[in-house]
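Worksheet: the structure to be examined is printed underneath.
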Amino acid sequence: MSQSSNNFLQKICCLLYRISTFGLEKGAHPSRFFMYQHLQSFAEPRDPDSSVLSISHSEHLARILGYDNSQIEDANFPEYSIADLPFENDKFDAIVSDQVLEHVAEGPFLAMQESFRVVKRGGLVVHATVFSYPIHGCPNDYWRFTPQALDALVKPYGRVIESGGWGNGWISLLWALGLRWEPMPTAKWHPANMIVTRNDEDRPIVVWVIAQKE
């Protein structure tokens, strides 16, 4: 099948999908839907004086965890690098990064060390990244992680509250149909929801760790 024919079929599939989900409440796109819903279980009322450092446009993850916009400080690449943050020790109550660690040329060990350095004792360190995912830029793509790898990165500095992952073999069907970036319905009867909420623990696509600085 030619590329043009494939693109045409994907456009038709997207149109049919949008018709099938018209009027339904929707969440994130396929590779983030389950993870974001799961991480919402860690949201709680945050002290109004608390602050969270958002690495490279990770504000949405900060809001999922219960922080509001007034508490979020941005540190976006290329002006800022998580491997060399220009902040004093123990400045923030939390730090979050969403799909960032795989792009850090200096390596995840240095990124994790810096994450814990700028967070206060007892503060949260939350990273969401990828294991089985196509190579992508922003500007380059270097690393892949298992939940156990994230555990190992955290343990020199803090306590792992949870490390986990989400994925399944069916997700490639949604990608093949051109639905990679389409918001997924929350209605449990919809086939797309059945796919994005299925989790085969030995086939993670995205992974995350939630840790506390000791």
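The values are calculated or read from the model by the stated rules, or taken from the named source; none is laboratory data. Keep in mind that what you see is a predicted model, and the values were worked out from it rather than measured. A quick note on method: Cβ atoms are made from the backbone with ideal geometry, for glycine too, and the neighbour counts reach across all protein chains shown. The accessibility values were calculated without ligands, DNA or RNA, using every heavy atom of the protein model including side chains. Shrake-Rupley method; radii C 1.70, N 1.55, O 1.52, S 1.80 Å.
The table that follows gives values for the structure above.
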| quantity | calculated |
| --- | --- |
| Residue count, segment 127-166 (criterion: out of contact with any Gly (no Cβ under 7 Å at 6 or more places or on another chain), open to solvent by less than 40 Å² (accessible area, probe 1.4 Å) and touching a residue at least 60 places away in the same chain (Cβ under 8 Å)) | 7 |
| Residue check, residue 25 farther than 26 Å from residue 141 by Cα, touching a residue at least 40 places away in the same chain (Cβ under 8 Å) and open to solvent by 80 Å² or more (accessible area, probe 1.4 Å) | yes |
| Selected residue (criterion: surrounded by the most Cβ atoms within 10 Å (Cβ to Cβ)) from residues of segment 99-115 that are touching an Asp or Glu at 6+ places or on another chain (Cβ under 9 Å) and not in a loop (DSSP other than H, G, I, E, B) | 108 |
| Subset tally (residues that are under 18 Å from residue 95 (Cβ atoms), outside any loop (DSSP other than H, G, I, E, B) and in contact (Cβ under 8 Å) with a residue 24 or more places away in the chain) for segment 37-66 | 10 |
| Residue ID - nearest to the chain's Cα centre (by Cα), chosen from residues in segment 169-214 that are among the aromatic types (Phe, Trp, Tyr) and more than 25 Å from residue 3 (Cβ to Cβ) | 208 |
| Check on residue 183, touching a strand residue (DSSP E or B) at 6+ places or on another chain (Cβ under 6 Å), over 12 Å from residue 33 (Cα atoms) and in a loop (DSSP other than H, G, I, E, B) | no |
| Subset of segment 148-163 (residues that are outside any loop (DSSP other than H, G, I, E, B) and touching an Asp or Glu at 6+ places or on another chain (Cβ under 8 Å)) | 158, 159, 160, 163 |
| Hits in segment 10-22 - residues which are in a helix (DSSP H, G or I) and either acidic (Asp, Glu) or touching a residue at least 60 places away in the same chain (Cβ under 8 Å) (or both) | 10, 11, 13, 14, 17, 18, 20 |
